[in-house]
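Right, one structure below, let's go through it.
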2 protein chains.
Amino acid sequence: MHFAEPLALRSGASIRAYDLSYETYGQLNAAKSNAVLICHALNASHHVAGVYLDDSGQVKPRSEGWWDNMIGPGKPLDTDRFFVIGVNNLGSCFGSTGPMQTNPDTGAVYGADFPVVTVQDWVNAQARLLDALGIQTLAAVMGGSLGGMQTLSWTLQYPERVRHALVIASAPNLTAENIAFNEVARRAIVTDPDFHGVHFYRYGVLPKRGLRIARMIGHITYLSDDVMNEKFGRQLRRSADASADGAAPYKYSTQEVEFEIESYLRYQGDKFAEYFDANTYLLITRALDYFDPASEFGGDLSRALAKASAKFLLVSFTTDWRFSPARSREIVKALLANQRDVSYAEIDAPHGHDAFLLDDPRYMGVVRSYFESKVTV
Amino acid sequence: MHFAEPLALRSGASIRAYDLSYETYGQLNAAKSNAVLICHALNASHHVAGVYLDDSGQVKPRSEGWWDNMIGPGKPLDTDRFFVIGVNNLGSCFGSTGPMQTNPDTGAVYGADFPVVTVQDWVNAQARLLDALGIQTLAAVMGGSLGGMQTLSWTLQYPERVRHALVIASAPNLTAENIAFNEVARRAIVTDPDFHGVHFYRYGVLPKRGLRIARMIGHITYLSDDVMNEKFGRQLRRSADASADGAAPYKYSTQEVEFEIESYLRYQGDKFAEYFDANTYLLITRALDYFDPASEFGGDLSRALAKASAKFLLVSFTTDWRFSPARSREIVKALLANQRDVSYAEIDAPHGHDAFLLDDPRYMGVVRSYFESKVTV
């Protein structure tokens, strides 16, 4: 969808014109009352559900939407009942206007000229998409992690347009530690010589070293210590060579892979560096850092959330140390202080922050029953 | 101290000759029964206590030993009573033979030729230093973090030479998450183009980008989320500019410092990259990864620790998520299974892993009373 009207950004800058990539699933009903908007997190896209087919009608490998376990016919968010919209955020690298694309004002790639965008800017851009689709009110907005922040921001920026908000594995702002991890990732990218002070597109190179490090750090914070120990532990890469007495047959090398966890992280880093845009990584981590609705209210989250009129479901996961249950409880408490209708589930899942993307039956059950019992169309 | 005899290493390699830098504090008694060996962690040295003076007899700025709060006359480890030895480990970069120094076999800088060293190798080298000093039995070995691992290894490699072992903020091995953080730090160093495949000394450059990232990651894991929030929170770098309505006066930049925590981490990274050797960082993090005394006993730590005959004090800190109290309790449990004499203190300190270097009065009190009441000379 092309938008020809400029979008004023929170930074004071504006984008003159832009495109948003989006996908929809299910049918918008006649009353236009069954639309659910899905907000994505750091490295995801508008492709939230379903698969892509190739020219011969075969399913493309690994083309499942990132929340395909959650969204589809008969799934917890049932597309037989709801019209679901996935949208790629401004500044991302999956089709919506972002730093890799051409700046219409200059005819050159945006690169460093792409303005810093915030959660609020994304929500404003998403609202325009809904305008263009003729949807005034959303049955629900839903997102995990950074997507949960957008969901929360929707209830504050457009309270009259959101009936339900599903905020999953999220937080009212980043802690110092969260910001710290983002900053290390950004420094890894920015100090990669192939970043060329943001102008790497011109040089035909990618700051892959930095992206790899950024992704490896990210992955550590997405998983719990427990699940890492269970999946990888201290297992060596080539367990077939294990000596008979059980002693570790180390290679005694600082650079070769010794442990399975190293192999896993390197693989994740390499894969990510092939497809993700470095400037997008900087922009999106910064949007995370900046999000803090309470800051305009002297840090008082209850006052900040007074504007919200939606009904809420919050879900957190016990082993999520990136956005711990305590952070979700802050939001719950602030909403209750405003006498809002809030459901809250704390799921005892071992998978850390990643749990919001996984198939825990209790988690899926909570979302399913919320949509079935509370969200009318 | 120069050692002319080759040291056989666990990897199968050996070092033909080497030097160890060490310092001593207090007086060795006639019976040579009051010696306490201090083992250092990742980035520390033999300079554990006291200060250095310049030529005019003035105290050099920032020359305090890294455990000066713990060790000295009248301090918890009282040098009026004990003869304390600090030693820089093989492969480190503070005077002992390491990758920055000349390989006598080739006349060139060791660099990549410096062999991978393990905790066990360090302990063997330290034992030779004690031989040279004429000390057969240590009143105690003491160390925090990686230093605690060396302490534990002393009780297994030379049980008859250690009367007391003080293992502080340590662990019986690294978890997958611990290894993961080490691996990201190593990849940041190794993929820095200025690393030149380990040969950076020849090029007159240092892989400072990688070292900075490594140190930033390290710092995050040394601190607790709580203490980071207390010290830095979401405080902006230039709070003087805060706007009147309390809204955050962001710069809207992905590369400039916005938050205090970013400034702190960048400063720590820059400082570290100036003085620490990149190859040493690789070697020492690998020694951490490899340490796992239970591995030769099918993972059974109780069996692994059966050899130890020392009396033990273990200390952990509640907010230490790098080496959590649960890891110390594993050691305590395994020692108790062997009917060993074990004291254990779990200190409710907010400072994370760094607490072992800080001045918590309960922590200092525990160590003081252990030395006073249990460690005879």
Note to self: I need the strands (runs of 3 or more DSSP E) fully contained in region B:1-94, keeping only those with at least 2 residues that are open to solvent by 30 Å² or more (accessible area, probe 1.4 Å).
What the structure shows: B:22-25
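Which one of these is surrounded by fewer than 20 Cβ atoms within 10 Å (Cβ to Cβ), modelled with pLDDT of 90 or more and at the interface with chain A (Cβ under 7 Å from one of its Cβ atoms): B:Gln235, B:Gln255?
On the way: B:Gln235 fails: at the interface with chain A (Cβ under 7 Å from one of its Cβ atoms).
The conditions single out B:Gln255.
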Next item on the list: Mind listing whichever residues of region B:284-325 are among the hydroxyl-bearing types (Ser, Thr, Tyr) and under 21 Å from the mean Cα position of the chain (by Cα)?
Entry: B:Thr285, B:Tyr290, B:Ser316, B:Thr318, B:Thr319, B:Ser324
Check: Does any residue in region A:224-237 that is part of a helix (DSSP H, G or I) come within less than 7 Å, Cβ to Cβ, of a residue that is surrounded by 16 or more Cβ atoms within 10 Å (Cβ to Cβ) and hydrophobic (A, V, I, L, M, F, W, C) six or more places away or on a different chain, and which pairs are these?
Finding: A:Met228/A:Ile261; A:Met228/B:Ala176; A:Met228/B:Ala180; A:Asn229/B:Ala176
Margin query: So the check is Cβ under 7 Å with 6+ separation or different chains; which pairs have a first residue in region A:169-184 that's facing chain B (nearest Cβ under 7 Å) and touching a residue at least 24 places away in the same chain (Cβ under 8 Å) and a second one that's assigned to a loop (DSSP other than H, G, I, E, B) and acidic (Asp, Glu)?
Written below: A:Asn173/A:Asp292
Check: What number of residues within region B:102-148 are surrounded by 20 or more Cβ atoms within 10 Å (Cβ to Cβ), away from chain A (no Cβ under 14 Å) and part of a loop (DSSP other than H, G, I, E, B)?
Finding: 3
Margin query: Could you tell me how many of the residues in region A:293-312 are of a type in the set (Gly, Ala, Ser) and not in a helix (DSSP H, G or I)?
Written below: 5
Margin query: Looking at (1) more than 22 Å from the chain's Cα centre (by Cα); (2) open to solvent by less than 50 Å² (accessible area, probe 1.4 Å); (3) more than 10 Å from chain B (Cβ to nearest Cβ), which one does A:Ser328 not meet, given that it meets all the others?
Written below: (1)
Note to self: Which residue is farthest from the other protein chains (Cβ to nearest Cβ), if the candidates are limited to region A:189-231 and must be open to solvent by 10 Å² or more (accessible area, probe 1.4 Å) and of a type in the set (Ser, Thr, Tyr)?
What the structure shows: A:Tyr201
Next item on the list: Evaluate the following for B:Thr175: is it hydroxyl-bearing (Ser, Thr, Tyr) and open to solvent by less than 10 Å² (accessible area, probe 1.4 Å)?
Entry: no
Next item on the list: Residue by residue through region B:6-17, note down the ones that are at pLDDT 95 or above and more than 14 Å from chain A (Cβ to nearest Cβ).
Entry: B:Pro6, B:Leu7
Checklist line | Candidates B:Ala355, B:Ala337, filtered to the one that is on the phi < 0 side of the Ramachandran plot and either without any contact (Cβ under 8 Å) to a residue 60 or more places away in the chain or touching a Leu at 6+ places or on another chain (Cβ under 6 Å) (or both) | finding: B:Ala337
Checklist line | Every residue from region A:309-321 that is within 13 Å of chain B (Cβ to nearest Cβ) and either closer than 24 Å to A:Val162 by Cβ or surrounded by 24 or more Cβ atoms within 10 Å (Cβ to Cβ) (or both) | finding: A:Asp320
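Residues to consider are A:Asp300, A:Asp270, A:Asp292; find the one that is open to solvent by 10 Å² or more (accessible area, probe 1.4 Å), out of contact with any His (no Cβ under 6 Å at 6 or more places or on another chain) and at the interface with chain B (Cβ under 8 Å from one of its Cβ atoms). If you could, list the steps in order and put the result at the bottom.
Working: A:Asp300 fails: at the interface with chain B (Cβ under 8 Å from one of its Cβ atoms); A:Asp270 fails: at the interface with chain B (Cβ under 8 Å from one of its Cβ atoms).
None of the other options fit; the residue is A:Asp292.
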Item checked: The one condition in (1) out of contact with any Phe, Trp or Tyr (no Cβ under 7 Å at 6 or more places or on another chain); (2) within 10 Å of chain A (Cβ to nearest Cβ); (3) at pLDDT 95 or above; (4) open to solvent by 10 Å² or more (accessible area, probe 1.4 Å) that B:Ala248 fails to fulfil -> (3)
Notebook entry, point to check: Which of the residues belonging to region B:149-172 are under 16 Å from B:Phe323 (Cβ atoms) and in a loop (DSSP other than H, G, I, E, B)?
Noted result: B:Ala169, B:Ser170, B:Ala171, B:Pro172
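Test A:Pro99 against the stated conditions and say whether it is under 21 Å from A:Asp354 (Cα atoms) and open to solvent by less than 20 Å² (accessible area, probe 1.4 Å).
On the way: under 21 Å from A:Asp354 (Cα atoms): no; open to solvent by less than 20 Å² (accessible area, probe 1.4 Å): yes.
Criteria not met by A:Pro99.
The values are calculated or read from the model by the stated rules, or taken from the named source; none is laboratory data. All values reported here derive from a predicted model rather than from experimental measurement. Note: ideal-geometry Cβ built from the backbone for every residue, glycine included; neighbour counts use all protein chains shown. All accessible areas refer to the heavy atoms of the entire protein, side chains included, with ligands and DNA or RNA removed. Shrake-Rupley method; radii C 1.70, N 1.55, O 1.52, S 1.80 Å.
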